[in-house]
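Read through the structure below, which is laid out as C-alpha cells, and then see the notes.
The values are calculated or read from the model by the stated rules, or taken from the named source; none is laboratory data. As the structure is a computational prediction, the values presented were derived from the model and not from experiment. All Cβ positions, glycine included, derive from the backbone under ideal geometry; neighbour counts span all protein chains shown. Surface accessibility is based on the protein's heavy atoms, side chains included, excluding ligands, DNA and RNA. Shrake-Rupley method; radii C 1.70, N 1.55, O 1.52, S 1.80 Å.
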Amino acid sequence: MVKTVTFSVFRYDPEKDTRPYYKDYRVELRRPGMMVLDGLNQIRWEQDGTLAFRRSCREGVCGSDGLNINGVNMLACITHIEELKEPIVVQPLPSMPVIKDLVVDFTDFYAKYYLVKPYLITKTPPPSDRERLQSPEDRKKLDGLYECILCACCSTSCPSFWADPNYLGPAALLKAWRFIADTRDEGADERLEIINDRDGAWRCHTILNCVEACPKQLNPTEAIAELKKAIIHRKF
Amino acid sequence: MGDIPVTVHKHDALIVGAGGAGLRAALEASKSVNTAVISQVFPTRSHTVAAQGGVAASLSNVEPDDWVWHMFDTIKGSDYLGDQDAIELMCRMAPEVVIELEHMGMPFSRLQDGKIFQRRFGGHTKNFGKEAICRTCAAADRTGHAMLHTLYEQCVKNHVIFYNEFFALELLMNEGHVVGVLAWDIANGGFHIFHAKATLFATGGYIRVYKTNSNAHINTGDGLSLSLRAGLPVEDLEFVQFHPTGIYGVGNLITEGVRGEGGYLLNKDGERFMKRYAPTVWDLASRDVVSRAMAEEMRQGRGCGPKGDYILLKLDHIGADLIHERLPGIWELAYVFAHVDCTKEPIPVTPTAHYSMGGIPTNRFAEVVLGNMEKPEEPVKGFYAAGEAACASVHGANRLGSNSLLDIMVFGKVGGKRMAEFAASLPEHVPLPENPGRKGIEEVKNLLNGNGPERMGAIWDELKETMEFNCGVFRTEETLTTQRGILKKLCERFKKVGIADKGLAFNLDLIETLELGHMLDFSKAIVEGALARQESRGAHYRDDYPNRDDVNWHKHTLATMDEDGTIYLDYKPVRMKPLTVPTFEPKERVY
Ligand SMILES: Cc1cc2nc3c(=O)[nH]c(=O)nc-3n(C[C@H](O)[C@H](O)[C@H](O)COP(=O)(O)OP(=O)(O)OC[C@H]3O[C@@H](n4cnc5c(N)ncnc54)[C@H](O)[C@@H]3O)c2cc1C
Ligand code: SF4
Ligand code: SF4
Ligand code: FES
C-alpha cells in the first residue's frame, strides 16, 4: 500500500466563485523525498486539472512557487511533504490579490523592485576591453544578497508590508543594498534618496519575519539595517 | 463560451522568450528599434536562471588560453558536426560578451588579482587536447542566476517592453515573411497578435519529453513545434545531451564544475573508471563520453546500490571550505534532493536528459535558414532564432559544458543586432495574413469548448517514459521503431484530449495541454531523425551502428511536418569552412 497524505488546497476561480474555499485531495507518496510541488502536480495531472499554480525550475532557483504552506511561506518545490504535519494546508502568498487558486498578482511586488533602481549604476567608464577588477573580499560582500530569486516569501510575511501599501518591503530593500554594497556601483545617492522616504527603510520594525521566511537563507533585515546606517552616515 | 477578444500590438522587433538569449537580443535590438519581448514566465523565472557551472571564454585569467583552442575543443566536442564558421565566431566573441556582462554588473566570482574567476570544465583543453584548462567563467555555481538577473536588470534600466506570462500559439507568415506571432494572455485569458517586422525565437530547449531530466517544467520546445507547424524545418533534433551527473532518482543537475574543481566518479568497486575510457582527461572528457561510460559500467554490473543503478560522485576530498565557497548551490541541491552532505559523503548520480543540441536552423547571423544538400542556405525573411531553441549549429552532436551560456550571449547579441537592422530597413510592416492566427485561435477554442475524454497527464506520462526508454542514451532500430509506433498512438489519443478547466484566468490545464501537443509534434522529429541516422555520433549512440560514419552521415538532419503531422527528412552539409583559420578536419575522438 502506498502511503497517502491529505492536501487541503485554497481554491478560487474569479469567473465562478463568489468566495474562496478549501478542497481536500489525497496525494500518494510514491517515492521518498517527494516535494509539495510533486504533490500539486500529481493532483493536477491525475485528479483535478482545474487547479492552477506557478512553477518552473522545480529546484528552488526561479522563485515561481512561493506559497503559504501550513501557515509558513516557502517554495513548494524544495519543501518535503514528509516533513510537514497533516493536513497540508496550501494557500497563496498572503496579502497579494489572487488571480486564480494559488496564483497571485505580483504587480505591486515588482513595481517596488523597479523603484529601487535594481541595476548597476556607474559613472566611471569601465576599461574598454577588460573586466573591472574587484577583490575576492569585495565580491564576498555580495554573498547573501545577489542570490535573491524574487519569490516574495519575505515581503508577503512582513507585517509592515501588509499594513502599509506603500512600504517597499524587504525584497526591494535587499536588492537596493545588493547594489549599494557592490564596489563597482556609483548609484548609492540616488537609491538612498528613495529609501530614506517614510515608506522606505524606516518602515521596517525589525520583526524578522522576512529572515525566517526566506527560502534562500538571505537576511533582508540585516540589509535594511545597513541601509539605515548608510542613510544616517550620508546625512553628515 | 462568449467570444474571446483579439488584441493587436505592433512592434518593430519581437522577441519570443526571456531567457539569456532573448534578453541579450532585446538589449541589442532595443538600442535602435521599438522592441518587445513576450515570455511564458516572468523573465527571471526562465530556465537560464538554473545554469550552474559557468560560461566559457578564453580570457586567460588563470593560464594562457587561445580562442583557437576553444574552437578546436568545441568542434571536437561536437563530433565534427558543428558548423565551423559559427563556432569560430562564437569562440572569438566569447571574451567580449563575458566582459560586457561584467560591465553590466554581473557578480562574477573573482581571482586573487581581482579578475573574473575561471574553472576547468569537461572537454575544454589547452593546446588542442593536451590537458584540461581553466576557461569557464563563473559566479560560484549560480552563473545562470547571476547572468539572467543582470540581463533583466539592464532591460529594466533600458525600458525594454515586456509582455510577461504570454504564451505564443502560432507563428504568423505572409508573403514569405514572418510577421509576428499569435499569443495567449495566461493571467487574464485573451488572444493577442504581435505584428512585427522581425521576430526572434529564443524559446529554449525541448528536454521535458524525457522523464529523468535536469530541466524546468516549461522547457517544452514550443518554438520548434510552432516552426514545424508553419512549414519550416527543424535541425538535428536526434542529438539530445544526457548529462553524466543528475541526482539519482530525480535528475536534478550536479554541475560538471564539481569535476572541474577536482571531484570524480566511482563505480561500486571504488574504482575511478573514467581513466579506462578517457586516459588523458579522465572525468573531464566530454559529456557524451562520460554518460556512456557510466551507463556501460552499470550495464556490466558495476553500478552502486542494491540495484546497481547509480554511480557515486565524490567531492568531499576537495574540502568543506572550497565546497561552500565555490559550490554552495550544489551543496544545497544534494542536501535537499538526495539527503547527502557532500562535504562528507559522495552524491549518487545517473545520466539525466539535459540539453537540446537540435533546434531551428540558423546561420551564424541567427537568421533562420532553409536549404539542403543541393540548395545553399537562404534566410527566411524576418525570422531569427537564438539559444537552445536554435541550431546554429555550434554544438553539433554534443555540446561542451559552459558553451551554452556562451551561445546565448553571442547569438542573442548578433541576432538582436541583425533583426534590428532588418526591421529598420523595412519602411512598413509586411501586412498580416488574412484571418491571422486562425489555427491557434481554433486550437484554444476547441479545448475550451470541447469535451474530449483523454487527459494530458496520462498521455504525457507515457510519452516521457517511452522516450527515455526507447530514445535515450542507447538506441537501436528496434527501440526506435517501437517508439515510432507509440508516438503514432499517442498522437491519435491526443486528438481526443479534453481539458477540465474551461476558464480564462490562469488556465494551467490549457497551457500544459498545448505544450503536450508541441512535445508530441517534435518528438516525432527526434525519433525519425534518430531512426534514419545509422551511425553513432556524439550524443546519438546506436548500439546497432556503434561507429561514426563520415562518408554517409557527416551532414545535418532537417525535419519538416506536413498538415497531417507526417514528418519528412532532408539533409544539409556541415559548414566546414571557418572564417579565418583552416578547417578542422574530422578525426577520431579520444579524450
Ligand atoms: C540545471 C542546468 C544547469 C546548466 N548549467 C549550464 C552552465 O553552467 N553553463 C552553460 O553554458 N549552460 C548550462 N546549462 C544550459 C543553459 O542553461 C541553457 O541551455 C540556456 O540557459 C538556455 O537559454 P535560452 O535563453 O536559450 O532559453 P531559456 O532560458 O530556457 O528561456 C526560454 C524562454 O522562452 C520562453 N518561452 C518558451 N516557450 C514559450 C511560449 N510558447 N511562449 C512564450 N514564451 C515562451 C520562456 O518563458 C523563457 O523565457 C544548464 C542547464 C541546466 C538545465
Ligand atoms: S524585519 Fe522589517 S522587513 Fe523584515 S519582516 Fe520585519 S518589518 Fe518586515
Ligand atoms: S529575499 Fe529571499 S524571500 Fe525575499 S524575495 Fe529574495 S529570495 Fe525570496
Ligand atoms: S519552481 Fe522554481 S523556485 Fe520552485
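Summary table below
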{"read-out": "In region B:396-414, residue nearest to residue B:530 (Cα to Cα) [restricted to those that are open to solvent by less than 10 Å² (accessible area, probe 1.4 Å), of a type outside the set (Ser, Thr, Tyr) and touching a Phe, Trp or Tyr at 6+ places or on another chain (Cβ under 6 Å)]", "value": "B:397"}
{"read-out": "Filtered residues of region B:439-457 (kept if within 14 Å of another protein chain (Cβ to nearest Cβ) and touching a Lys or Arg at 6+ places or on another chain (Cβ under 8 Å))", "value": "B:448, B:452, B:453, B:454, B:457"}
{"read-out": "From the options B:476, B:482, B:466, residue that is away from chain A (no Cβ under 14 Å) and touching an Asp or Glu at 6+ places or on another chain (Cβ under 7 Å)", "value": "B:476"}
{"read-out": "Number of positions in region B:348-382 that are among the basic types (Lys, Arg) and more than 19 Å from residue B:406 (Cα to Cα)", "value": "2"}
{"read-out": "Some residue of region B:385-395 being open to solvent by 10 Å² or more (accessible area, probe 1.4 Å) and within 14 Å of another protein chain (Cβ to nearest Cβ)", "value": "no"}
{"read-out": "Hits in region A:116-138 - residues which are outside any loop (DSSP other than H, G, I, E, B) and out of contact with any Gly (no Cβ under 9 Å at 6 or more places or on another chain)", "value": "A:137"}
{"read-out": "Options B:94, B:57; residue that is within 14 Å of chain A (Cβ to nearest Cβ), open to solvent by less than 20 Å² (accessible area, probe 1.4 Å), within 28 Å of residue B:265 (Cα to Cα) and not hydroxyl-bearing (Ser, Thr, Tyr)", "value": "B:57"}
{"read-out": "Some residue of region B:498-510 being in a helix (DSSP H, G or I) and away from every other protein chain (no Cβ under 14 Å)", "value": "no"}
{"read-out": "Qualifying residues in region B:200-252 (those that are modelled with pLDDT of 95 or more and at positive phi) - the one most open to solvent (accessible area, probe 1.4 Å)", "value": "B:231"}
{"read-out": "Checklist (1) part of a helix (DSSP H, G or I); (2) in contact (Cβ under 8 Å) with a residue 12 or more places away in the chain; (3) more than 15 Å from residue A:155 (Cβ to Cβ); (4) facing chain B (nearest Cβ under 10 Å) applied to residue A:113, failing item", "value": "(3)"}
{"read-out": "Filtered residues of region B:456-493 (kept if modelled with pLDDT of 95 or more, open to solvent by 50 Å² or more (accessible area, probe 1.4 Å) and touching a strand residue (DSSP E or B) at 6+ places or on another chain (Cβ under 9 Å))", "value": "B:477, B:493"}
{"read-out": "Test: residue in region B:572-589 that is closer than 17 Å to residue B:532 by Cβ, open to solvent by 50 Å² or more (accessible area, probe 1.4 Å) and in a strand (DSSP E or B)", "value": "yes"}
{"read-out": "Criterion: in a helix (DSSP H, G or I) and without any contact (Cβ under 8 Å) to a residue 60 or more places away in the chain - qualifying residue of B:103, B:70", "value": "B:103"}
{"read-out": "Subset tally (residues that are facing chain B (nearest Cβ under 8 Å) and assigned to a helix (DSSP H, G or I)) for region A:139-159", "value": "1"}
{"read-out": "In region A:59-92, residue surrounded by the most Cβ atoms within 10 Å (Cβ to Cβ) [restricted to those that are away from ligand 3 (no atom under 16 Å from the Cβ) and within 14 Å of chain B (Cβ to nearest Cβ)]", "value": "A:81"}
{"read-out": "Residue in region B:502-523 that is of a type in the set (Val, Ile, Thr), closer than 22 Å to residue B:351 by Cβ and touching a residue at least 24 places away in the same chain (Cβ under 8 Å) present", "value": "no"}
{"read-out": "Residue A:225 being open to solvent by 20 Å² or more (accessible area, probe 1.4 Å) and away from ligand 3 (no atom under 14 Å from the Cβ)", "value": "yes"}
{"read-out": "Any chance residue B:372 is under 30 Å from residue B:418 (Cβ atoms) and either among the β-branched types (Val, Ile, Thr) or touching a residue at least 40 places away in the same chain (Cβ under 8 Å) (or both)", "value": "yes"}
{"read-out": "Within region A:172-190, tally of residues that are more than 16 Å from ligand 2 (Cβ to nearest atom) and either in a loop (DSSP other than H, G, I, E, B) or open to solvent by 10 Å² or more (accessible area, probe 1.4 Å) (or both)", "value": "11"}
{"read-out": "Among residues of region A:20-39, those that are facing chain B (nearest Cβ under 10 Å) and within 22 Å of residue B:507 (Cα to Cα), counted", "value": "2"}
{"read-out": "Single condition residue A:215 does not satisfy, out of (1) out of contact with any Gly (no Cβ under 7 Å at 6 or more places or on another chain); (2) within 16 Å of ligand 3 (Cβ to nearest atom); (3) in a loop (DSSP other than H, G, I, E, B)", "value": "(1)"}
{"read-out": "Every residue from region B:316-341 that is touching a residue at least 12 places away in the same chain (Cβ under 8 Å) and under 20 Å from residue B:143 (Cα atoms)", "value": "B:322, B:323, B:324, B:325, B:326, B:327, B:328, B:329, B:330, B:331, B:333, B:334"}
{"read-out": "Of residues in region A:175-207 being away from chain B (no Cβ under 13 Å) and of a type in the set (A, V, I, L, M), the one nearest to ligand 4 (Cβ to nearest atom)", "value": "A:207"}
{"read-out": "The listed residue being away from ligand 1 (no atom under 16 Å from the Cβ) and touching a Leu at 6+ places or on another chain (Cβ under 7 Å), out of A:161, A:179", "value": "A:179"}
{"read-out": "Qualifying residues in region B:114-132 (those that are in contact (Cβ under 8 Å) with a residue 40 or more places away in the chain and within 11 Å of chain A (Cβ to nearest Cβ)) - the one most open to solvent (accessible area, probe 1.4 Å)", "value": "B:115"}
{"read-out": "Close pairs (7 angstrom Cβ cut-off, 6 or more residues apart or separate chains): within 14 Å of another protein chain (Cβ to nearest Cβ) and in contact (Cβ under 8 Å) with a residue 12 or more places away in the chain in region A:209-229, β-branched (Val, Ile, Thr) and more than 10 Å from ligand 3 (Cβ to nearest atom) anywhere", "value": "A:215/A:78"}
{"read-out": "Tally, over region B:270-291, of residues that are closer than 17 Å to residue B:73 by Cα and surrounded by fewer than 18 Cβ atoms within 10 Å (Cβ to Cβ)", "value": "2"}
{"read-out": "Yes/no for residue A:100 being open to solvent by 10 Å² or more (accessible area, probe 1.4 Å) and either touching a residue at least 12 places away in the same chain (Cβ under 8 Å) or out of contact with any Leu (no Cβ under 7 Å at 6 or more places or on another chain) (or both)", "value": "no"}
